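Below: the structure, in structure tokens.
The values are calculated or read from the model by the stated rules, or taken from the named source; none is laboratory data. Just so you know, these numbers come straight off a predicted model, no measurement behind them. Ideal geometry is used to build each Cβ from the backbone, glycine not excepted, and the neighbour counts take in all protein chains shown.
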Amino acid sequence: MIKLIVFDMDGTILDTLEDLKNSLNFALEKNGLPPRTLDEVRRFVGNGIGKLIERGVPEGCSDALRAKVQTDFFPHYAAHCNDNTRPYNGIPEVIAALRKAGYLTAVVSNKADFAVQDLCKIWFDGLFDAAVGEREGLRRKPAPDSVFEVCRQLNTPVSEAVYVGDSEVDLQTARNAGMEVVSVEWGFRDAAFLRECGADRIVSSTAELAECFGILL
């Protein structure tokens, strides 16, 4: 019996891409490096800020310069992480309906924990029972650590949880945690790519997502 629904953040409940691109390009340009397009950044996200920076800097960039770009990224993103970020249409309503139906809800993300907490407060205040971002002592997804941490906080076995995400990282995270997964196709990866990665349950609308859990919107 499913009791807990765990959501990825970027590309699943929030469209964060424009703000990630702008902060990456701020840090790149500050260090004399070329900016990246929105489509490039779409391909770069999913494995945390460190990987975003590593993929965003030019090939052959020194470790020291890459570290400087990352250092410059964080304060800019902290100040601008909500400039253009918005929930996907219908997502707050789905989460509210899930809670009304008695489900626990949570967020697990590779985004820096400060941003996860801030954005949950801004856009989903009171709609999540737990939220865990990238933090000291927890390995990033696709390691299952953050999923296990949420299950621990909410005293719920992984066998009674479902993961909802938009990427191959989310699919692998769910596999590594030994839990069911629902993939959404409105995020940063399309349905064809998700199928190539082994997704067998893909939804194209928030109404379909709600139906997965017995809810009609």
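Annotations for the structure displayed:
- Filter result for Pro92 (part of a loop (DSSP other than H, G, I, E, B) and either touching a residue at least 24 places away in the same chain (Cβ under 8 Å) or closer than 26 Å to Trp186 by Cβ (or both)): no
- The set of residues in the range 166-217 that are assigned to a strand (DSSP E or B) and touching a Cys at 6+ places or on another chain (Cβ under 6 Å) contains only Val182.
- Matching entry among Arg139, Arg135 (being in contact with an Asp or Glu (Cβ under 9 Å, 6 or more places away or on another chain), basic (Lys, Arg) and under 17 Å from Leu171 (Cα atoms)): Arg139
- All positions within the range 143-165 that are among the polar types (S, T, N, Q) and part of a helix (DSSP H, G or I): Ser146, Gln153, Ser159
- With respect to the conditions (1) modelled with pLDDT under 95; (2) in a strand (DSSP E or B), Ala131 lacks only one, and its number is (1).
- Within the span defined as the range 194-216, every residue fails to be within 14 Å of the chain's Cα centre (by Cα) and within 25 Å of Asn89 (Cα to Cα).
- When Glu134, Glu168 are checked against the criterion of being farther than 27 Å from Glu211 by Cβ, surrounded by 18 or more Cβ atoms within 10 Å (Cβ to Cβ) and touching a residue at least 60 places away in the same chain (Cβ under 8 Å), Glu134 stands alone in meeting it.
- Residue check, Ala101 more than 19 Å from Gln153 (Cβ to Cβ) and buried (at least 17 other Cβ atoms within 10 Å of the Cβ): no
- Exactly one residue out of Leu217, Leu194, Leu209 is touching a residue at least 24 places away in the same chain (Cβ under 8 Å) and under 25 Å from Pro157 (Cα atoms), and it is Leu209.
- Residue in the range 112-128 that is farthest from Tyr77 (Cα to Cα), counting only those that are part of a loop (DSSP other than H, G, I, E, B) and of a type in the set (Phe, Trp, Tyr): Phe128
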